[in-house]
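Below: the structure, in structure tokens.
The values are calculated or read from the model by the stated rules, or taken from the named source; none is laboratory data. Remember, predicted model here, so these are calculated numbers, not experimental data. So basically every Cβ, Gly included, is an ideal-geometry build from the backbone, and we count neighbours across all protein chains shown.
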């Protein structure tokens, strides 16, 4: 039996997003429109709308990459208050789902990806959906994309142990950076707001998401 993905999208929005205080109408509309199943491997398409993180890299284990579950992703984007005049940096776009959603909200999106196979998949899928305002760039995730800075909003698509100052420096004045810091049940979503050249963070909500490689805390030397 073939899944009715359009019906599953409606159920995702009604059952996973609205019930977790995602109320932004443009965001809900974008997530109703973008076919999430197009951004996961063929073997996992039937799982595209479950309330779980979905493996999108070839192998699991350390360094594996995941499509973030719908609710925390939507809450992060809502927190960033992405508007139609904004330039957005999507850090760790994976196969491009997050960039596709953001393309419906922002003026332009820079989709940063470190793995060539995922970046190539993102380019193909985004082109198929006509996301002409998205540019996929390859590079280390923790370095951001300085050439395109400054950004009005930066979305980090996974959990981090340590947020590098490099990213906050790429925010425009008045810009917002949203990220999940920590791991497991103790992880917390934070928003950083840039004012007078300084990015200051505040806690927003609890969020357990898969880690994004490249943001591990640097071990301190002990004497």
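Identify, please: which residue in the stretch 1-31 is surrounded by fewer than 17 Cβ atoms within 10 Å (Cβ to Cβ) and in contact (Cβ under 8 Å) with a residue 60 or more places away in the chain and is, among those, nearest to residue 95 (Cα to Cα)?
Filtering the stretch 1-31 for residues that are surrounded by fewer than 17 Cβ atoms within 10 Å (Cβ to Cβ) and in contact (Cβ under 8 Å) with a residue 60 or more places away in the chain, the one nearest to residue 95 (Cα to Cα) comes out as 29.
Here is a yes/no grid of residues against (1) closer than 20 Å to residue 35 by Cβ; (2) in contact (Cβ under 8 Å) with a residue 60 or more places away in the chain:
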site	(1), (2)
116	no, no
133	yes, no
147	no, no
176	no, yes
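So is residue 99 part of a helix (DSSP H, G or I), touching a residue at least 12 places away in the same chain (Cβ under 8 Å) and in contact with a strand residue (DSSP E or B) (Cβ under 7 Å, 6 or more places away or on another chain) or not?
Details: part of a helix (DSSP H, G or I): yes; touching a residue at least 12 places away in the same chain (Cβ under 8 Å): yes; in contact with a strand residue (DSSP E or B) (Cβ under 7 Å, 6 or more places away or on another chain): yes.
Considered against the rule, which asks whether it is part of a helix (DSSP H, G or I), touching a residue at least 12 places away in the same chain (Cβ under 8 Å) and in contact with a strand residue (DSSP E or B) (Cβ under 7 Å, 6 or more places away or on another chain), residue 99 comes out as yes.
Residue-by-condition table, conditions (1) within 18 Å of the chain's Cα centre (by Cα); (2) assigned to a strand (DSSP E or B); (3) farther than 30 Å from residue 35 by Cα; (4) modelled with pLDDT under 95:
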{"site": "112", "(1), (2), (3), (4)": "yes, yes, no, no"}
{"site": "173", "(1), (2), (3), (4)": "no, yes, yes, no"}
{"site": "190", "(1), (2), (3), (4)": "yes, yes, no, no"}
{"site": "193", "(1), (2), (3), (4)": "yes, yes, yes, no"}
{"site": "204", "(1), (2), (3), (4)": "yes, yes, no, no"}
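How many of the residues in the stretch 8-34 are in a loop (DSSP other than H, G, I, E, B) and touching a helix residue (DSSP H, G or I) at 6+ places or on another chain (Cβ under 6 Å)?
Number of matching residues: 3.
Among the listed residues 83, 61, identify the single one that is farther than 21 Å from residue 189 by Cβ and either in contact (Cβ under 8 Å) with a residue 60 or more places away in the chain or in a loop (DSSP other than H, G, I, E, B) (or both).
The match here is 61.
Would you please name the residue that is surrounded by the fewest Cβ atoms within 10 Å (Cβ to Cβ), looking only at residues in the stretch 139-152 that are in contact with a strand residue (DSSP E or B) (Cβ under 7 Å, 6 or more places away or on another chain) and within 25 Å of residue 217 (Cβ to Cβ)?
Checking each candidate, the answer is 139.
Please work out if residue 30 is touching a strand residue (DSSP E or B) at 6+ places or on another chain (Cβ under 7 Å) and either under 21 Å from residue 158 (Cα atoms) or at pLDDT below 95 (or both).
no
Go through the stretch 32-60 and count every residue that is over 18 Å from residue 205 (Cβ atoms) and surrounded by 14 or more Cβ atoms within 10 Å (Cβ to Cβ).
Of the residues in the stretch 32-60, the ones over 18 Å from residue 205 (Cβ atoms) are 32-50, 52, 54-60.
Checking the rest, the ones that are also surrounded by 14 or more Cβ atoms within 10 Å (Cβ to Cβ) come to 32, 34-41, 44-50, 54-57.
The total comes to 20.
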